[in-house]
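The values are calculated or read from the model by the stated rules, or taken from the named source; none is laboratory data. Model, not experiment: these values are computed from the prediction. Note: ideal-geometry Cβ built from the backbone for every residue, glycine included; neighbour counts use all protein chains shown. These area figures cover heavy atoms from the full protein model, side chains too; ligands, DNA and RNA do not enter into them. Shrake-Rupley method; radii C 1.70, N 1.55, O 1.52, S 1.80 Å.
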Amino acid sequence: MRQDLDSHWRRWLNPGRRRPGSGRSGPHDQPRTPIERDYDRVLFSTPVRRMADKTQVFPLDRSDSVRTRLTHSHEVANLARSVGIDLVFNQGIAEGLPEAKRDVPALLATIGLAHDLGNPPFGHQGEDAIARWFEINRDEVLDDDPALSPAMKQDFLRFEGNAQTLRLLTKLQLINDDYGLNLTLASLAALVKYPVASDQIDPARVTHKKHGYFQSERALMDEVWEGTGLAPGQRHPLTWVMEACDDIAYSVLDAEDAVKKGLLSFSDTIAFLRHEAPNDPVVTQVCDAAAEEHKAYRRERLSPDELNDISMQTFRIRAIGALMEAIGEVFIESMPAMAEDGFGRELVDASRGGPLLAALKACNWQHAYRHKSVLRVELTGLTVIHGLMDAFWYAITRREERNEPASTRSTPLAGYIYQRISENYRRVFESPGNPMPIRYREAQLLTDMISGMTDSFAVSLYEEFCEVGFRPTTQA
């Protein structure tokens, strides 16, 4: 059966030698494969560095031991690469492709590192804040322009960080052409978790519950699908692995961070998991092993903080090991269905590790995500994002020539704020070659700027605009 899949893997991976734009290819005489170079291009890009000051769970946290979006992304990349190594060296996938043993781990590491690059400041609540601003201002911003199709409007009313990631890497990171970082078609295909547009969302389908690209990148997605042999709307098989590693990373490691923050203890965590899934063998195995080592640590006369910390480290190792083994098994079993676009469950949910992951998510929701300290800063983030969007929308639209995006701003305040927008974002907005309607381009410049900010920069810029006299109008 695996040999029968080699023709599929050839399409899914061999286009690693192809990059977007008229069949363009990378050089073949370098020590790195094109997909390995994709990882390096992402790693050294500015958006990766910005993730050091973007929220994972706890916004604007002062502790240097609590994870940021950057540390989370490196952890996902590490887990995904590890699964890829197991798949090609131990499970024998894509055996007929000479470079698969290098390309599969490299591709998984690339999309693991890149998967959250498009997320705005303040985590997922930042996405909600952006979408809410457009809903509040819908009549003025979206509905009064007949040039906007329903799908174009939904791009903003359902703003999605996953779609922004694709745009960021392919349009907003400039090298010397219009293809951003010039990643391979294979990496771009695997990067897109939700291979549908904003007007094709179907909550009943795992791969369609959100959208993975904007209308501005629709032509690019057509090229990606054609070049990798995937049908429109079909997810790349390795995307399932990356998504599972993301689920594992944030579920296990957010629990560890919650203990570091003192929101609950190691013993609280174990008790919750046992209560949530009392008869599950994987939960029992992981909790028993961690609890046994916890007993040994208690004899070392550690402080309560040290005991919690080392015990959660042990739990993390046990839990990640069990979950990684489980997703490897189910991926091998499910590859034929994935090849035919017939697999419809989250990879971890379909595995024997599903109950453990579900229990961890329930624990995190109850004791971390809804904690008052998190909710309070989320409210701050909502106020900041809405204020910034008011300011930038004022600056973007207050210009002397409606159909000339680069024309002079009509007020000194608008000119000042407009110049605070990143130059490369303005260049894309003002480009005569941009085919999107003016109003769409205005709204997209707004979301490009907001989503590219770090948490601290967003707060400081909001304060700066207030100091120079701008007054927000949107009520959170």
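Could the peptides 87-98, 347-358, 427-438 be put in order, highest first, of the mean number of other beta-carbon atoms found within 10 Å of their residues?
On the way: 87-98: 15.9, 347-358: 22.5, 427-438: 14.2.
By packing density, highest mean first, the sequence is 347-358, 87-98, 427-438.
Over the heavy atoms of SER73, what accessible area does a 1.4 Å probe trace out, to the nearest 10 Å²?
SER73 exposes around 0 Å² with every protein chain in place.
In 20 Å bins starting at zero, report the fraction of Cα pairs in the chain per bin as a rounded %.
P(r) for the chain, in whole percents per bin: 23, 54, 22, 1.
Given a 1.4 Å probe and heavy atoms of the protein chains only, how would you sort ARG138, ARG37, largest accessible area at the top?
ARG138, ARG37
Please give the peptides 259-271, 388-400 ranked by average Cβ packing (other Cβ atoms within 10 Å per residue), highest first, as a rough proxy for protection.
On the way: 259-271: 18.3, 388-400: 20.9.
For the peptides 259-271, 388-400, the packing ranking is 388-400, 259-271.
Give me the log10 of I(q) over I(0) for the range 292-425 at q = 0.10 Å⁻¹, as the Debye formula computes it from C-alpha points; what are the numbers?
Reported log10 I(q)/I(0), two decimals: -0.73.
Convert 25 °C to kelvin, take the viscosity as 0.890 mPa s, use the Kirkwood radius over C-alpha pairs of the range 72-154 as Rh, and evaluate the Stokes-Einstein diffusion coefficient in µm²/s, rounded to a whole number.
Working: Rh = 16.0 Å.
For these conditions, the coefficient is 154 µm²/s.
Can you compute the helix-only [θ] at 222 nm over the chain? Use -39500 (n - 2.57) per DSSP H run of at least 4 residues, normalise by all residues, nearest 500 deg cm²/dmol. Don't jump to the answer; show the numbers that get you there.
Values: 21 runs with 277 residues, N = 476.
Computed ellipticity for the chain at 222 nm equals -18500 deg cm²/dmol.
Could you pull out the pairs from LYS209/LYS261; LYS153/LYS361; LYS54/LYS261; LYS101/LYS361 whose alpha carbons sit more than 22 Å apart here?
LYS209/LYS261; LYS153/LYS361; LYS101/LYS361
Beta carbons within 10 angstrom, averaged per residue: use that to sort the peptides 228-239, 106-117, highest first. Walk me through the numbers on the way to the answer.
Details: 228-239: 20.7, 106-117: 28.2.
The peptides rank, most packed first, as 106-117, 228-239.
For the range 339-476, what is the charge dipole size about the Cα centre, in debye to the nearest 20, if Lys and Arg each add +1 at the Cβ and Asp and Glu each add -1 at the Cβ?
That gives a dipole near 320 debye.
Expressed as cubic angstrom per residue, what is the convex hull volume of the alpha carbon set of the range 356-476?
In the range 356-476, the Cα hull volume divided by residue count equals 141 Å³.
With +1 on the Cβ of every Lys and Arg and -1 on the Cβ of every Asp and Glu, and nothing else charged, how large is the dipole of the range 207-325 about its Cα centre, in debye rounded to the nearest 20? Before the final figure, lay out each step's value.
Details: 13 positive and 21 negative charges, 58 e Å.
Value, rounded to 20: 280 debye.
Using alpha carbons only, what's the Rg to Rh ratio of the range 279-371 with Rh from Kirkwood?
1.10
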